[in-house]
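Have a look at the structure below before the remarks.
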Amino acid sequence: MAATTADLLATLDRLGIATKTVTHPALFTVEQSRALRGEIPGVHTKNLFLKDRKDALFLITAEEDAVIDLKQLHARIGASGRLSFGRRELLMEVLGIPAGAVTPFAAINDAAGRVTVVLDTALLANREINCHPLTNTATTTIRPADLVAFLRATDHEPVVLPVSGEL
């Protein structure tokens, strides 16, 4: 059974990771997020659930304004051929979340380690990062080092590299 937001927040607390969570109406896109999120400090994220031609899975997390060239991204992250978006059913099966709630926190549900989590270098240069806590009706603020610590605690060593900009 997939972790709930309460399970996630309890795990973060158990790891000694300080976060702040704000609830809000459901958000499905970056544009909706900008309009409805209010004044939550820190950088907000764009999250892409992708698969390559050999069905390797990737979760890309970058700043919401990052320009990511999907035609070139496979070369940056070491994927086998071009990337495509993972199906909604696969997202639910592997990460236990619906479309619209994609987040690096979903690594908590990937006990099999099927997903490679890729964090954009520019994202980690911020003081605070905002991600959905397994639901698109809330936003959780976390420090970059703590996000990395959380991912490691879920046995997902993040791949940190520039995913936006020129190759």
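The values are calculated or read from the model by the stated rules, or taken from the named source; none is laboratory data. None of the values given here were measured: they were computed from a predicted structure. In this analysis, Cβ positions are derived from the backbone assuming ideal geometry, glycine residues included, and neighbour counts consider all displayed protein chains.
Results for (1) out of contact with any helix residue (DSSP H, G or I) (no Cβ under 9 Å at 6 or more places or on another chain); (2) surrounded by fewer than 20 Cβ atoms within 10 Å (Cβ to Cβ); (3) aliphatic (A, V, I, L, M); (4) in a loop (DSSP other than H, G, I, E, B), shown as yes or no for each residue.
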{"residue": "67", "(1), (2), (3), (4)": "yes, yes, yes, yes"}
{"residue": "72", "(1), (2), (3), (4)": "yes, yes, no, no"}
{"residue": "75", "(1), (2), (3), (4)": "yes, yes, yes, no"}
{"residue": "82", "(1), (2), (3), (4)": "no, yes, no, yes"}
{"residue": "89", "(1), (2), (3), (4)": "yes, yes, no, no"}
{"residue": "93", "(1), (2), (3), (4)": "yes, yes, no, no"}
{"residue": "97", "(1), (2), (3), (4)": "no, no, yes, yes"}
{"residue": "108", "(1), (2), (3), (4)": "no, no, yes, no"}
{"residue": "117", "(1), (2), (3), (4)": "no, no, yes, no"}
- request: Identify the residue in region 126-138 that is polar (S, T, N, Q) and more than 17 Å from residue 65 (Cα to Cα) and, among all such residues, is modelled with the highest pLDDT.
  value: 135
task: Would you check which residues across region 136-153 are buried (at least 20 other Cβ atoms within 10 Å of the Cβ) and touching a helix residue (DSSP H, G or I) at 6+ places or on another chain (Cβ under 6 Å) and list them?
output: 151
message: If I go through region 122-134 residue by residue, how many of them are surrounded by fewer than 20 Cβ atoms within 10 Å (Cβ to Cβ) and touching a residue at least 40 places away in the same chain (Cβ under 8 Å)?
response: 4
- request: Would you point out the residue of region 2-23, among those that are surrounded by 13 or more Cβ atoms within 10 Å (Cβ to Cβ) and not hydrophobic (A, V, I, L, M, F, W, C), that is nearest to residue 144 (Cα to Cα)?
  value: 19
message: Would you confirm, using the coordinates I've provided, whether residue 27 is of a type in the set (A, V, I, L, M), surrounded by 18 or more Cβ atoms within 10 Å (Cβ to Cβ), modelled with pLDDT under 95 and closer than 23 Å to residue 98 by Cβ?
response: yes
